[in-house]
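The values are calculated or read from the model by the stated rules, or taken from the named source; none is laboratory data. Being a predicted model, the structure only gives us computed values, none of them experimental. Neighbour counts run over all protein chains shown; Cβ positions are idealised from the backbone, glycine included.
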Amino acid sequence: MKHLLSAGDLTRDEAELVLDTAEELARVADRPIKKLPTLRGRTVVNLFFEDSTRTRTSFEVAAKRLSADVITFSAKGSSVSKGESLKDTALTLEAMGADGVICRHSASGAPHRLAQWVHGAVVNAGDGTHEHPTQALLDAYTMRSRLGRVEGLNVAIVGDVLHSRVARSNVLLLHTLGAQVTLVAPPTLLPVGVDAWPAEVSYDLDDVLPKSDVVMMLRVQRERMHAAYFPTTREYSRRYGLDAPRMAALPDDAIVMHPGPMNRGVEIAAEVADSVRSTIVEQVANGVSVRMAVLYLLLGGTE
Amino acid sequence: MRQGRGSLVAHAPTPFRGSAAAAGDPAGPAPSDRRTVLDADDIARALTRIAHEVIERTKGAGDVVLLGIPTRGVDLARRLADRIAAVQSTDVPVGSLDVTMYRDDLRMRGVRPLAETDLPASGVDGRTVVLVDDVLFSGRTVRAALDALNDLGRPRAVQLAVLVDRGHRELPIRADYVGKNLPTSLRETVSVLLDEHDGRDAVLLGPADDATGGDA
């Protein structure tokens, strides 16, 4: 594979190769010299058309730990704000000799188009409401490191599935890795055609929690909501938010995940986010290892 | 070394490092084409001798750390540690040092899965590190290992132990402890089989296998 555009493109062997590689690369963080020479002389462009701190920084740290040169290109303050098209931006990067392009865009499918225009490897760092494959990989990595496996786990993905690229990528990847996914959301926050996804659907969180090994809470993405999807935040939180009493209904070793950024008090209560079951901070650390693995596997062997 | 590699590996996946390439690889030359140059007893004697040499040269092996280069170097390092312990009754720390990320041929030969790097708790600072590998060939693996070691600490001295030295060095590197000097042609392959991975101990010399040029 030349690009990483969709979590669904990964075979089980490829996904496990990424996770195994990430496991070895995670040890670099414990060393006095947190750097490997592997991508010395390669240029990685961080092309971010949408705001992001966590993902952009994570990719930047990952690329730098592998000794790549990193150029960060955000839409604000670039020619994009002057009206340059995606294609022209891509050709400019191409002319500068980018070996890898990490792309986040508010339009679903933008990285796929980009991949047709540039020679370098393209990594989808989140496109609209479509996919975010490295997030799914780091979530699977987190489950594996906390629970020892992914296969056979019951994973509940709860909340704004409609607008969530994290949910889509996770459903595809977790299915590939042999986990059972249940999507839990109000009917208004489920996408059309969700019945064709390799996942169960439920409207009742309290029914799903006792049999879940992993609960992944999704942020309510108000910036993408242009209609009334639920009556009030308070009502949403009552029915689909994870608070302490609900957390108590989980099996003893179950974990709580959140891709961040969190809305404390909406989809997740503060005491849940800060509990020992929560992997939210771990997910961020794991993100660097997983992105190092992806960059190594995509760029390490190319001319 | 893990085998789970798919098409995410951009180029044709290279099998194991050249030294051990044909070992247990069904695509390698048939066993009948390969000649046994060291059998299990020869390997055992060579390792015993190397263990004694290490003790002698390091004056008792008190500050020695054995670091094997995966896959088979790690097994050899463990065996050496056992032999040193039997003679000297000191426990020599054993670790593994994966050099994949430091190789100079990743661009030419494609990425490969990583093996484990596991340093003993004692670390390497101020110790005498003995790198252990199965075959010494071009010297490039050892060069990568020296670079990797450099990022992990500052040993007092670094030495190199190999089971087989097959010649054809491309870098100014030599081994301190050699099990067997084996003159080879560049077209030949040297395969080290160890009980831990291959079910038996042997060093085989076979005709060239096009898939691997050998780079140990």
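Only one entry of A:Tyr296, A:Tyr240 meets the criterion of being at pLDDT 95 or above, within 30 Å of A:Gly120 (Cβ to Cβ) and of a type in the set (Phe, Trp, Tyr), and that entry is A:Tyr296.
Put simply, of A:Ala90, A:Ala107, A:Ala63 the only residue that is at pLDDT 95 or above, among the aliphatic types (A, V, I, L, M) and in contact with a Leu (Cβ under 9 Å, 6 or more places away or on another chain) is A:Ala63.
The set of residues in segment B:100-131 that are in a helix (DSSP H, G or I), in contact (Cβ under 8 Å) with a residue 24 or more places away in the chain, facing chain A (nearest Cβ under 7 Å) and surrounded by fewer than 23 Cβ atoms within 10 Å (Cβ to Cβ) contains only B:Tyr102. For segment A:229-245, does any single residue satisfy the condition of being more than 20 Å from the chain's Cα centre (by Cα), in a strand (DSSP E or B) and in the same structural domain as A:His175 (by TED's automatic domain parsing)? Checked against the condition, which is being more than 20 Å from the chain's Cα centre (by Cα), in a strand (DSSP E or B) and in the same structural domain as A:His175 (by TED's automatic domain parsing), segment A:229-245 yields at least one hit. Determine, yes or no, whether B:Ala77 is crowded, with 23+ Cβ neighbours inside 10 Å and either within 18 Å of B:Leu194 (Cα to Cα) or in contact with a Cys (Cβ under 7 Å, 6 or more places away or on another chain) (or both). Taking the combined requirement at face value, the residue satisfies it.
For segment A:114-214, the strands (runs of 3 or more DSSP E) that sit wholly inside it and include 3 or more residues that are assigned by TED's automatic domain parsing to the domain that holds A:Val294 are A:121-127. For segment A:266-289, the count of residues that are among the aliphatic types (A, V, I, L, M), farther than 20 Å from A:Ala156 by Cβ and either within 14 Å of another protein chain (Cβ to nearest Cβ) or buried (at least 18 other Cβ atoms within 10 Å of the Cβ) (or both) is at least one. When A:Ser108 is tested against the conditions (1) surrounded by fewer than 17 Cβ atoms within 10 Å (Cβ to Cβ); (2) outside any loop (DSSP other than H, G, I, E, B), the lone failure is (2).
Of all residues in segment B:54-71, exactly one satisfies the criterion of being closer than 15 Å to B:Val178 by Cα and basic (Lys, Arg), namely B:Arg57.
Annotation note: Cβ proximity below 6 Å between a residue of segment A:69-95 that is over 11 Å from A:Leu114 (Cα atoms) and a residue that is among the small types (Gly, Ala, Ser) and surrounded by 13 or more Cβ atoms within 10 Å (Cβ to Cβ) (sequence gap 6+ or interchain) occurs for A:Val70/A:Ala63.
Of the candidates B:Leu152, B:Leu97, the single residue that is within 14 Å of chain A (Cβ to nearest Cβ), closer than 18 Å to A:Ser67 by Cα and of a type in the set (A, V, I, L, M) is B:Leu152. Could you say whether any residue in segment B:174-191 is surrounded by fewer than 23 Cβ atoms within 10 Å (Cβ to Cβ), on the phi > 0 side of the Ramachandran plot and without any contact (Cβ under 8 Å) to a residue 60 or more places away in the chain? No, segment B:174-191 has no match at all. Filtered by the rule that a residue be among the β-branched types (Val, Ile, Thr) and either closer than 23 Å to A:Ala140 by Cα or in contact with a strand residue (DSSP E or B) (Cβ under 9 Å, 6 or more places away or on another chain) (or both), segment A:205-263 gives A:Val208, A:Val214, A:Val215, A:Val220, A:Ile255, A:Val256.
When A:Glu14, A:Glu24, A:Glu50 are checked against the criterion of being more than 14 Å from chain B (Cβ to nearest Cβ), of a type in the set (D, E, K, R) and not in a strand (DSSP E or B), a single residue qualifies: A:Glu50.
Within segment A:28-45, if we keep just the residues that are surrounded by 16 or more Cβ atoms within 10 Å (Cβ to Cβ) and at the interface with chain B (Cβ under 7 Å from one of its Cβ atoms), the residue that is farthest from the chain's Cα centre (by Cα) turns out to be A:Pro37. Every condition in (1) surrounded by 21 or more Cβ atoms within 10 Å (Cβ to Cβ); (2) in contact with a strand residue (DSSP E or B) (Cβ under 9 Å, 6 or more places away or on another chain); (3) over 30 Å from B:Pro183 (Cα atoms) holds for B:Asp134 except the one numbered (3).
Checked against (1) among the acidic types (Asp, Glu); (2) within 14 Å of another protein chain (Cβ to nearest Cβ); (3) not in a loop (DSSP other than H, G, I, E, B), B:Asp41 meets all criteria but (2). Here A:Met1 clears all of (1) within 14 Å of chain B (Cβ to nearest Cβ); (2) surrounded by fewer than 17 Cβ atoms within 10 Å (Cβ to Cβ); (3) farther than 30 Å from A:Arg149 by Cα except the condition numbered (3). Being within 14 Å of chain A (Cβ to nearest Cβ) and modelled with pLDDT of 95 or more is a description that applies to B:Arg143.
Scanning segment A:27-40 for residues that are in a loop (DSSP other than H, G, I, E, B) and of a type in the set (D, E, K, R) returns A:Arg31, A:Lys34, A:Lys35, A:Arg40. Restrict the check to segment B:62-83 and report whether at least one residue is away from every other protein chain (no Cβ under 14 Å), modelled with pLDDT under 60 and in a loop (DSSP other than H, G, I, E, B). Taking every residue of segment B:62-83 in turn, none turns out to be away from every other protein chain (no Cβ under 14 Å), modelled with pLDDT under 60 and in a loop (DSSP other than H, G, I, E, B). Determine whether A:Leu86 is among the hydrophobic types (A, V, I, L, M, F, W, C), closer than 20 Å to A:Val288 by Cβ and away from chain B (no Cβ under 14 Å). No, not satisfied.
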